[in-house]
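Asker: Let me give you the structure first, and then I'll get to my questions.
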Amino acid sequence: MPANKWQARKSSPSVPRNVVAALVGLACAFAAFYGAVVLQGTMVLRGTPGSQPLAAAPLARWVLARDIDATEEKGEFVRRAIRQSPLSPEAFTYLGIHADGDRADRLLEHAGRLSRHSTLTQQNLYNHFIDSNPALALQQAEALLRRQKSAEPLFEDFAQRVDGNRGFVEALGEAMRRSGGEAWPINFLSEHAAEIEDESIVALTPNLRTGGGDLDREATAQVIETLRYSRRNELGARLYTSFIAPEGYPLRLDWSENSVGSSGFGWRLAEGYRTAQDGQNGPVLRRSNAIGSDGTTRMLALPPGSYRLQPADGAADSGDWQWQLSCAAGGRKMSGRDWPASIAISADCPVQQLELRAPFGSNATLGTLVFEPTGG
């Protein structure tokens, strides 16, 4: 051995003997356990006398999961296991995988009825039925996802299948609706929305439900944010308008709870601004005592046309409010301080951003804003 490597080894910290002994003992114990499992699995597989069905069950799972290819020994073992313990889903899974046609379907469906906790069974049922019976396949996927099994490959497969596959989209939507607030539907859409076509997302989003069956606004907003970060603002605006926006959006902009936050298409309050309850005009935006200089913003999806922007019922006072409207994709900006303001939205600006500012120390308030079409 070269001198430098030897010296490097000698200079490294020494491990206490008791730690070495413990590690060696642990390694020996693991090796003995692994050897015993392999040996016992082989004995069970070969039908060694004395093997008991209950003791064989976990070993059967281990053997079949390790290598489910057909052999004469495995076939005999599985048939004997079924005679001894007819409630073994892995045994019927094995037989179904190696059967053909209707017999394969019947055996695998039976395996699925025997257990909702057999990962091996559910994985194979999903693979077998996903093309011919997606509803049944997705029931197996749900069982896996509830136990946090196989999420990554399942989500990738969902994303590859949804576009242009109406039957799969309907089955997946039904599975999402059944989930009733479970995490996996929003995790799937949040992770893969950027890869999925618009119409598939529009079809799936209404199925994001709470445990009570209502649309989960927080989950829907998370999907909209994923689309916004992917620069798919038009689709994000479409979802916001359909599922989250308060009544009257996008022509009427108030400061209610549903209008603030709720993804990039709700009001984003910058430092120095807060919402407050006004006795006459309802919720208002108020310039606070904080020094923050950034404006309060909101993404919009106004159709092309001419508008008059003004506070409803003159609900602006105590300050010199400045507004700025720009295309979300960049380009022309319009700004001013006067109410009402004339606004023109062109066809090449499907998504806009409105920004509002008031001077520090003004104690300015601003109520509901209205975009009134002028027909010009």
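Any read-out appearing in this document is the output of simple, stated calculations on the displayed coordinates, not a laboratory observation. These numbers come from a predicted model, not from an experiment.
Asker: Over the stretch 226-273, what is the relative contact order in percent, taking alpha-carbon pairs closer than 8 angstrom and at least six residues apart?
Answerer: RCO, the stretch 226-273: 26 percent.
Asker: With an 8 Å Cα cut-off and a minimum separation of 6 or more residues, compute the relative contact order for the stretch 163-231 in percent.
Answerer: It comes to 39 percent, rounded to a whole number.
Asker: How long are the semi-axes of the equivalent ellipsoid of the stretch 83-183, taking √(5λ) for every eigenvalue λ of the Cα gyration tensor, in whole Å from largest down?
Answerer: With the √(5λ) rule applied to the stretch 83-183, the semi-axes are 24, 16, 11 Å.
Asker: Next up: Report the full-extension gain for the segment N127 to N289: residue separation times 0.36 nm, less the Cα-Cα distance, to one decimal in nm.
Answerer: This chain segment gains 52.2 nm when fully extended.
Asker: Now, a different point. Out of every Cα pair in the stretch 233-287, what percent are spaced more than 13 Å from each other?
Answerer: Distances greater than 13 Å cover 61 percent of the Cα pairs.
Asker: Evaluate the relative contact order of the stretch 206-245 (contact order divided by residue number), counting alpha-carbon pairs under 8 angstrom at least 6 apart; express in whole percent.
Answerer: Once divided by the residue count of the stretch 206-245, the mean separation gives 36 percent.
Asker: Please grab the % of Cα pairs in the stretch 128-229 that end up more than 21 Å from each other.
Answerer: 26 percent
Asker: Show me, bin by bin at 10 Å from 0, the whole-percent P(r) of the stretch 124-180 based on Cα pairs.
Answerer: All Cα pairs, binned at 10 Å, distribute as 25, 64, 12 percent.
Asker: On average over all directions, what projected area in square nanometres does the stretch 245-376 have, based on the convex hull of its Cα atoms?
Answerer: The orientation-averaged projected area of the Cα hull of the stretch 245-376 comes to 7.6 nm².
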